[in-house]
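Below: the structure, in C-alpha cells.
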Amino acid sequence: MKNFVTESRVLSRTEISLAGRSYAEFEIAGDIAFEPGQYLMLRTNTHKNTWPCPYPLVRTTERGASVLAEGRQELYKCRAGDAVQYWGPRGTAPAEKGSMPILAAEPAAYFLLYPFLTAGLCKKLILLDTGGGAFTPGDQNSVMRFLNLSGPEQGKISGGPSVEYCPDIIQAAEAALKEPDRVILALNPQNAEAFAGHIPDEKKDSFFLYISNKKACGIDGCKGCYLHDRDGGMGINVCCKGPFMPLSVIDFEKDRKSLEEYI
Ligand code: FES
C-alpha cells in the first residue's frame, strides 16, 4: 500500500466517450499496479493549492497507468507533460478472486465500471437506461460502440461480453438476482436506493455499490468520507474500505448525503 506522494506527470491525454458521455483518459507515469475498482488520489498543478481528488484507474500501460477524469475535474484541464502528484493505488478491489462479477450500471455512472470491462472482468453487464433509446439493444455493434469496447477488449471477456438491457430498476434488480455471482453496481443515489429495496437482506453482502468520490485525504486521516456504522462504532471509511461497499453496510436513510450524483 502506497501512502507517500509520488511526483509524476501526464504522459498522454485521450478523449473518450463512455455511454454517451465525454471523459478523458490520462496516462500517468509511474510504477502503478492495481486491480479494477481501485483509484489514484491525484493532485494537479492547475492552480495554487489544488485539492487532490480520486480518479478511477482504468488500465496499466508500458510507462504507468491510466485514469479517467470527467469535465468538472481538475485533471481534465491537464495536457501531456503537465506535472501531477499521486498517492495510491487506494481502495480495495470488489471482484472476488477467480470468479467473474456481474456489473450493473446506468449510463451516467458506467465509467466507474469501465475498468472491469477493460480488464475482462465481467460475466454480464446489466445496463439500466430509464431514458431509453441511447443505443439499439439488439445491435451488438451499436452496444459495443456505446460502451467503448473495442475488439481486443471484447475478446478478453470469456464467451464474449453479454449485455442485458433493462428499462427500469426493478427489472435490473431481478436480472442481477438471477445470477449467483457477486454484483458490482454504479448507480445514481436514487436508483441505488430503489435497487437496494429490491434486494433481500440476506443477499446484500454480495452486491457492491460504488459509494462516493468525495474524498479529501484518501488515507483514512481526515474522517471526510465516513459512512454511518450500524453498530455505533467509529464509522466506516470509504477511502480505504471502499470505494465499492456492500449494500449490507449502507444505511440509505443516514448515508444518502454521502452518495454522489453523476447527473
Ligand atoms: S478521505 Fe480522508 S478519511 Fe477518507
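Readers should treat all values here as calculations from the given coordinates under stated rules, not as data from a laboratory. Everything numeric here is computed off the predicted structure, so don't read it as measured data. Note: ideal-geometry Cβ built from the backbone for every residue, glycine included; neighbour counts use all protein chains shown.
Overview of values
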| item | result |
| --- | --- |
| Choice from 222, 122, 53 with maximal GNM fluctuation in the chain (Cα, 10 Å cutoff) | 222 |
| Convex hull volume per residue in cubic angstrom - Cα atoms of the chain | 128 Å³ |
| The chain, helix-only ellipticity at 222 nm - DSSP H runs n ≥ 4, -39,500 (n - 2.57), divided by all residues, nearest 500 | -4000 deg cm²/dmol |
| Dipole magnitude of region 6-90 about its Cα centre (Cβ charges: Lys, Arg +1; Asp, Glu -1), debye to nearest 20 | 280 debye |
| In sequence order, calculated HN-Hα J values of region 6-15 (Karplus, 6.51, -1.76, 1.60; Hz; x Gly/Pro) | 10, 6, 8, 8, 7, 8, 7, 9, 10, 5 |
| Label point distance in nm, residue 222-residue 171, each placed 7 Å from Cα along Cα→Cβ | 4.1 nm |
| Inter-probe distance in nm under a simple model that places probes 7 Å from Cα toward Cβ, at residue 263 and residue 50 | 3.0 nm |
| Residue with peak Gaussian network fluctuation, the chain [Cα springs, cutoff 10 Å], from 20, 98, 64 | 98 |
| For region 1-116: Kirkwood Rh in Å [reciprocal of mean 1/r, alpha carbons] | 14.5 Å |
| Positive-end residue, region 102-258 charge dipole about Cα centroid, Cβ charges, pick of 110, 219, 121 | 219 |
| Full-extension gain in nm, residue 251 to residue 79, via 0.36 nm per residue minus C-alpha separation | 57.9 nm |
| Projected label distance in nm at residue 22 and residue 59, using a 7 Å step from Cα toward the beta-carbon | 2.2 nm |
| Total charge dipole magnitude, the chain, about the Cα centre, Cβ charges on Lys, Arg, Asp, Glu only, Debye to nearest 20 | 780 debye |
| Alpha-carbon Rg/Rh ratio, for region 102-258, with Rh computed the Kirkwood way | 0.99 |
| Cα centroid of region 18-87 to Cα centroid of region 186-255, whole Å | 23 Å |
| Extended-chain gain in nm, criterion 0.36 nm per residue less alpha-carbon gap, residue 70 and residue 230 | 54.3 nm |
